[in-house]
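Read through the structure below, which is laid out as structure tokens, and then see the notes.
The values are calculated or read from the model by the stated rules, or taken from the named source; none is laboratory data. Since we're looking at a predicted model, the values are computed, not measured. All Cβ positions, even for glycine, are placed from backbone atoms using ideal geometry, and neighbour counts span all protein chains on display. Note: accessible area is taken over every heavy atom of the protein model, side chains too, but ligands, DNA and RNA are not part of it. Shrake-Rupley method; radii C 1.70, N 1.55, O 1.52, S 1.80 Å.
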Amino acid sequence: MRATPLVVFSAVAAFTLPLAAQDRTPARVVGVGVTVPDVGVLLPINVSQRVRLEPYVDFSSTRADYPVTSDTAWASHVRIGLGLFSVAHPRERLGLYFGPRFGLLRGSTRINGSAGQTSTKSRGWFLGGAIGSEYSPVAGLSVGGEAKIEFDHSSSSASGSTSIGPSLYARSWFSSGVVVMRFYP
């Protein structure tokens, strides 16, 4: 009868010893990040030492004025997506990550000029692979770069005086790179 409490106590002590030996510094869990030259806002969530989820929003807006024809063109797009990354730490302050990014696309173009006004709205999805590296000069801050290759699939609808049909399907592959800063408060 007396052996049962001793066995239970020993088992609990054996399972808690590894926990006591672990580092007691708080793990970076959730942060905020920005990308340039594509303006994007990231929400890195370090699920574990080796897995990161990263919801993000990326947006762009451009305007072009053509003085010869007095035309003006506006284009904008928004990407809402998620990244799922495997993270490695080959050095104390250096981290590498790779994995897929996927999400939804929304965009619009508008031309106001000598031929009249034309507008196009697009929506679709994207899927790509990303690889990146980040360096942490101080705790809670990392600076790095990311390269990705991506496939976009979108459909467009046009209105106004245009030669584009009412519905246009576009598929494209492209690669890009960004500078990334992440803050872990």
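Do we have His89 as within 30 Å of Gln117 (Cα to Cα) and surrounded by 13 or more Cβ atoms within 10 Å (Cβ to Cβ) here?
Values: within 30 Å of Gln117 (Cα to Cα): no; surrounded by 13 or more Cβ atoms within 10 Å (Cβ to Cβ): yes.
Criteria not met by His89.
Of all the criteria given as (1) open to solvent by less than 80 Å² (accessible area, probe 1.4 Å); (2) not in a loop (DSSP other than H, G, I, E, B), the one not satisfied by Thr69 is (2).
Conditions tested, residue by residue: (1) without any contact (Cβ under 8 Å) to a residue 40 or more places away in the chain; (2) of a type in the set (D, E, K, R); (3) part of a strand (DSSP E or B).
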| site | (1), (2), (3) |
| --- | --- |
| Ala75 | yes, no, yes |
| Val78 | yes, no, yes |
| Leu82 | yes, no, yes |
| Val87 | no, no, yes |
| Tyr97 | no, no, yes |
| Arg101 | no, yes, yes |
| Leu105 | no, no, yes |
| Asn112 | no, no, yes |
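The selection criterion, being touching a strand residue (DSSP E or B) at 6+ places or on another chain (Cβ under 8 Å) and surrounded by 13 or more Cβ atoms within 10 Å (Cβ to Cβ), holds for Asp58. The set of residues in segment 33-52 being touching a residue at least 24 places away in the same chain (Cβ under 8 Å) and open to solvent by 70 Å² or more (accessible area, probe 1.4 Å) consists of Val36, Pro37, Gln49, Arg50.
Evaluate segment 165-185: report whether one residue or more is under 23 Å from Leu42 (Cα atoms), in a strand (DSSP E or B) and touching a Pro at 6+ places or on another chain (Cβ under 6 Å). Scanning segment 165-185 turns up at least one residue that is under 23 Å from Leu42 (Cα atoms), in a strand (DSSP E or B) and touching a Pro at 6+ places or on another chain (Cβ under 6 Å). Within segment 120-144, the residues that satisfy the criterion of being open to solvent by 30 Å² or more (accessible area, probe 1.4 Å) and under 21 Å from Val29 (Cα atoms) are Ile131, Ser133, Tyr135, Pro137, Val138, Ala139, Leu141, Val143.
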